[in-house]
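Undergrad: Take this structure, written in structure tokens, and hold onto it; I'll ask about it next.
The values are calculated or read from the model by the stated rules, or taken from the named source; none is laboratory data. Predicted model only: the values in this text are computed from it and were never measured. All Cβ positions, glycine included, derive from the backbone under ideal geometry; neighbour counts span all protein chains shown. Surface areas here come from the heavy atoms of the whole protein model, side chains and all, with no ligands, DNA or RNA. Shrake-Rupley method; radii C 1.70, N 1.55, O 1.52, S 1.80 Å.
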Amino acid sequence: MEGYFDYAATSPMDEDALEAYIHAARNYFANTKSLHDPGTKAHALLEHCRNTMAGLLGIEQEGVYFTSGGTESNELALEALLKAGKGNHIITTEAEHSSVRNLIHSYEEEGYKVTRVPLDEAGIINVEDVERAIQQDTVVMAIQHVNSDIGTVQPVQHLSELCRTHGILFHSDCVQSFGKIPVEEVAPYVDSLSVSAHKLYGPKGVGAVYIRPSLSFHPKTPGGTHEGGVRAGTVNTPGIAGFTVAAEKMVKERHQNQSKIMELKQTFLKAGEWKLVGHTADSAVPIIGLLLPEMEGQLAMLEGNRHGFHFSTGSACRTGNPKPPGTLLAMGYDTEEAKSFIRLSFSHHQTNDQVEKLALFLSRLVKPTVARS
């Protein structure tokens with residue numbers, strides 16, 4: 001779709017991934033836990049995908065569990081870490097994806113103490129702030145790898161050093177980073193991480209969670225036979241096959257895709273005067289956050305939609321929420337200014353011409369507002 005700039009919300013399915021999905025649906029349809037030959041055949045494909053995914057992420061195969069997506073992966077991971085660790089205090093940020101933010105809020109209502117560390121003006125968490133937030137009973141830290149609103153990359157390795165020093169378990173949401181920047185460079189430093197297929201041109205309704213195999217915890221749903229008992233329910237074998245092919249392709253072609261993304265972002269940034277949120281101009285993450293002059297992002301999004309340009313005001317999982325993105329509030333923006341936020345997210349399949357057309361539209365959209373101010 002020529003005017004689609006919301007790839008951080010979801011992406012179209014890659015043709016190779018779609019072919020893998022169809023092939024698996026036709027030929028590997030049996031339940032992977034069935035003991036007959038078709039079940040054994042499906043189970044072999046499932047384990048091949050698990051082994052491949054572990055290799056792409058740079059983690060142990062025994063810790064990889066397939067899920068219905070990033071939201072469930074985050075939930076399973078946090079539940080596991082809280083049960084495996086000891087303590088009553090959680091460290092996180094307001095900038096986390098809503099699936100993490102809302103879950104931690106529910107833990108808070110159950111009696112957990114929560115410290116939400118702010119972000120600096122670049123959209124990055126300050127490791128010293130995190131260190132000051134650590135308490136004697138801190139059990140879990142949940143901080144994303146790549147922010148879903150503005151695309152900033154958090155210092156996972158440095159945060160991991162803090163966690164290991166203080167005996168804290170560390171979860172990182174890697175949904176926006178997997179396939180786009182090297183997750184395998186940070187995976188060895190976390191106790192759990194989450195990824196999702198539809199963010200990297202795989203099918204919707206499929207994801208994976210990694211939980212360090214050496215951790216001991218009781219599954220959220222007891223008595224399950226699938227996925228090592230960590231997740232109950234028949235696995236989506238065709239979806240997992242499509243996910244694996246999409247992930248393999250994105251990791252294999254990551255370097256050239258990053259070059260293309262950088263080219264597209266520079267094309268956009270040179271085509272107008274923009275107020276960027278966070279220091280992401282030189283990043284290969286395909287997300288740009290902007291503040292529009294004296295215009296609500298919601299209005300800009302609707303006007304863009306009318307003219308064939310499709311972008312967002314932040315994570316799609318918070319659509320309908322009148323509050324501005326938590327990322328901006330965590331960075332110290334006031335509510336009114338944060339309402340002028342829009343998110344643009346790009347694809348390596350796009351052209352410079354498409355990006356220039358978007359820039360021209362936005363420039364024309366805000367120019368009358370600027371002239372009146």
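Undergrad: For segment 263-290, give me each residue that is hydrophobic (A, V, I, L, M, F, W, C) and open to solvent by 50 Å² or more (accessible area, probe 1.4 Å). Before the answer, list the steps.
TA: Taking segment 263-290 as the starting set, the residues that turn out to be hydrophobic (A, V, I, L, M, F, W, C) are 264, 268-269, 271, 274, 276-277, 281, 284-285, 287-288, 290.
Those that are hydrophobic (A, V, I, L, M, F, W, C) and open to solvent by 50 Å² or more (accessible area, probe 1.4 Å): W274, L276.
Undergrad: Separate question: Say we look at segment 51-95 and pick out the residues that are polar (S, T, N, Q) and in contact with a Lys or Arg (Cβ under 7 Å, 6 or more places away or on another chain); which of these is farthest from T221 (Cα to Cα)? Steps first, answer last, please.
TA: Filtering segment 51-95 down to residues polar (S, T, N, Q) leaves 51-52, 61, 67-68, 71, 73-74, 88, 92-93.
Checking the rest, the ones that are also in contact with a Lys or Arg (Cβ under 7 Å, 6 or more places away or on another chain) come to 61, 67, 88, 92-93.
Numbers: Q61: 22, T67: 13, N88: 22, T92: 25, T93: 28 Å.
Result: T93.
Undergrad: Next up: Please list, ordered by first then second residue, the pairs with beta carbon atoms under 7 Å, 6 or more apart or interchain, first in segment 35-50 and closer than 21 Å to A208 by Cα and open to solvent by 30 Å² or more (accessible area, probe 1.4 Å), second part of a helix (DSSP H, G or I) and hydroxyl-bearing (S, T, Y).
TA: Listed by first residue and then by second, the contacts come to L45/T237.
Undergrad: If a residue must be open to solvent by less than 30 Å² (accessible area, probe 1.4 Å) and not in a helix (DSSP H, G or I), how many such residues does segment 322-365 contain?
TA: Going through segment 322-365 one residue at a time, the tally reaches 12.
Undergrad: Follow-up. So if I check each of Y65, Y21, which one is open to solvent by 40 Å² or more (accessible area, probe 1.4 Å) and not hydrophobic (A, V, I, L, M, F, W, C)?
TA: Numbers: Y65 fails: open to solvent by 40 Å² or more (accessible area, probe 1.4 Å).
After ruling out the rest, the residue left standing is Y21.
Undergrad: Could you identify the single residue in T237, T267, T225 that is over 19 Å from the mean Cα position of the chain (by Cα), within 30 Å of E337 (Cβ to Cβ) and in contact (Cβ under 8 Å) with a residue 24 or more places away in the chain? Please lay out each step first, then the result.
TA: Numbers: T237 fails: within 30 Å of E337 (Cβ to Cβ); T225 fails: within 30 Å of E337 (Cβ to Cβ).
After applying the criteria, what remains is T267.
Undergrad: Just checking, does segment 1-16 include any residue being assigned to a helix (DSSP H, G or I), farther than 30 Å from L362 by Cβ and in contact with a Pro (Cβ under 7 Å, 6 or more places away or on another chain)? Before you say what the answer is, go through the steps one by one.
TA: Step one: filter segment 1-16 for residues assigned to a helix (DSSP H, G or I), giving 15-16.
Remaining after also requiring farther than 30 Å from L362 by Cβ: 15-16.
Applying the additional criterion that residues be in contact with a Pro (Cβ under 7 Å, 6 or more places away or on another chain) yields none.
Among the residues of segment 1-16, not one is assigned to a helix (DSSP H, G or I), farther than 30 Å from L362 by Cβ and in contact with a Pro (Cβ under 7 Å, 6 or more places away or on another chain), which makes the answer no.
Undergrad: Return the pairs, sorted by first residue and then second, in which the second residue is at pLDDT 95 or above and assigned to a helix (DSSP H, G or I), the first residue lies in segment 121-146 and is within 12 Å of S160 (Cα to Cα) and open to solvent by 10 Å² or more (accessible area, probe 1.4 Å), the beta carbons are less than 6 Å apart, and the residues are 6+ apart or on different chains.
TA: Close Cβ pairs satisfying both conditions: V127/H158; E131/L162.
Undergrad: I've got another one for you. So which of V183, V230, V206, V153 ends up being over 27 Å from T280 (Cβ atoms), touching a residue at least 40 places away in the same chain (Cβ under 8 Å) and under 14 Å from the mean Cα position of the chain (by Cα)? Show your work before the answer.
TA: Details: V183 fails: over 27 Å from T280 (Cβ atoms); V230 fails: under 14 Å from the mean Cα position of the chain (by Cα); V153 fails: over 27 Å from T280 (Cβ atoms).
Only one candidate qualifies: V206.
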